[in-house]
Amino acid sequence: MSAVEFPAPPLGAAAGLEFTADSLVVTLHGRGVSPFRKDVRLGLGLMLAGGPGLVLIAAAALYQTGIRLTDSLTGEPLALIALQACFIATAALAAGIGVLVNVARNALDSATIRVHSGRLTVRCAGLFQSCGWEWESDTIRHVRAEKGLRIGTDRNTITIALRRPVGEICWIAVVLRQALQIAARSPRRGEVAVVYCGSCTIESPLAGFLHVAPGEMYLHDAFGEDTSIYFLASRGPWTARRVRHILGFGGVSLSPGDILCRRSDDESSMHIAPSSGLFSYVITCTDSDALPRALEQFWGAQA
């Protein structure tokens, strides 16, 4: 692997990369408390508000149980008022503890990812538990960044929930694809090789394929078989995907005003922004005619 030029870790990342001719090791160190100062202040503030308040409220409730004082405005027993306030203080105290525990987990979590002797090994160590995974390198079909590090093999796909910034996870995915020599597959019939990015993608820009058929098109990651998202023409032929969309099982319906296609001498691009405003995608292709042709096929009789 010494001949491979691996990208450097993102600026400020608590990560190290070591590689030799036959092995690679990515070490993710604990990030410490510094990146989570705001969360620490929030947690301490909640605990300071809830802890002493809880003690004072409990003391007041115990004091007045014998004399049964009542509030002059509401007429309610002060014990009931104290109990209500006690619940609020307890909730603040519990929330503060929860925030600090989460900070500790993020600050202390570490991992070691190793490619050696034809195997990929991932070991994660955290505040409460440690876990690990191991695969034969030749069984791994794709590695990519999603809500964690997503690794797909011949048998299944798992997502390892690394508590790291998005930039670090994307860097790890790129390094592992190079180390494992995972190449993008070739486009199949009905697919156009594209590069895309969007508000719903973690790793961006992403190489992939746009599959087009009358009334539907969907994006595939070039390193896997999963569909990132699929689009349906607002009026198109009845297909299984359209039925699933109507029944609420996914898919995004598009009208002509939701897509803007541009073409230049050396590339074509497509900007998809549904009227719902929930997300947007930008798709580009090095073939200046490919995306306009795909859009014509997508709209069919609506074009």
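Restricted to region 99-123, and to residues that are free of Cβ contacts under 8 Å to residues at least 24 places away in the same chain and either buried (at least 18 other Cβ atoms within 10 Å of the Cβ) or under 23 Å from the mean Cα position of the chain (by Cα) (or both), which residue is farthest from M47 (Cα to Cα)?
The qualifying residue farthest from M47 (Cα to Cα) is T121.
Taking the listed residues G126, G152, G148, the one that is surrounded by fewer than 20 Cβ atoms within 10 Å (Cβ to Cβ) and under 24 Å from F19 (Cβ atoms) is G148, with no other qualifying.
Taken over region 266-296, the criterion of being loosely packed, with under 15 Cβ neighbours inside 10 Å and in a helix (DSSP H, G or I) is satisfied by R293, E296. Residues that are of a type in the set (A, V, I, L, M) and surrounded by 15 or more Cβ atoms within 10 Å (Cβ to Cβ) within region 250-260 comprise V252, L254, I259, listed in sequence order.
Please indicate, with yes or no, whether at least one residue in region 242-258 is at pLDDT 75 or above, farther than 30 Å from L149 by Cα and charged (D, E, K, R). Checked region 242-258: at least one residue is at pLDDT 75 or above, farther than 30 Å from L149 by Cα and charged (D, E, K, R).
Within region 155-202, the residues that satisfy the criterion of being surrounded by 15 or more Cβ atoms within 10 Å (Cβ to Cβ) and of a type in the set (K, R) are R163, R164, R177, R185.
For R263, are the conditions met, namely being modelled with pLDDT under 85, basic (K, R), more than 24 Å from the chain's Cα centre (by Cα) and surrounded by 15 or more Cβ atoms within 10 Å (Cβ to Cβ)?
So R263 does not fit the description; no.
The values are calculated or read from the model by the stated rules, or taken from the named source; none is laboratory data. Just so we're clear, the structure is a prediction, and the values are computed from it rather than from any experiment. Positions of Cβ are generated from backbone atoms using ideal geometry, with glycine treated the same way; all protein chains shown enter the neighbour counts.
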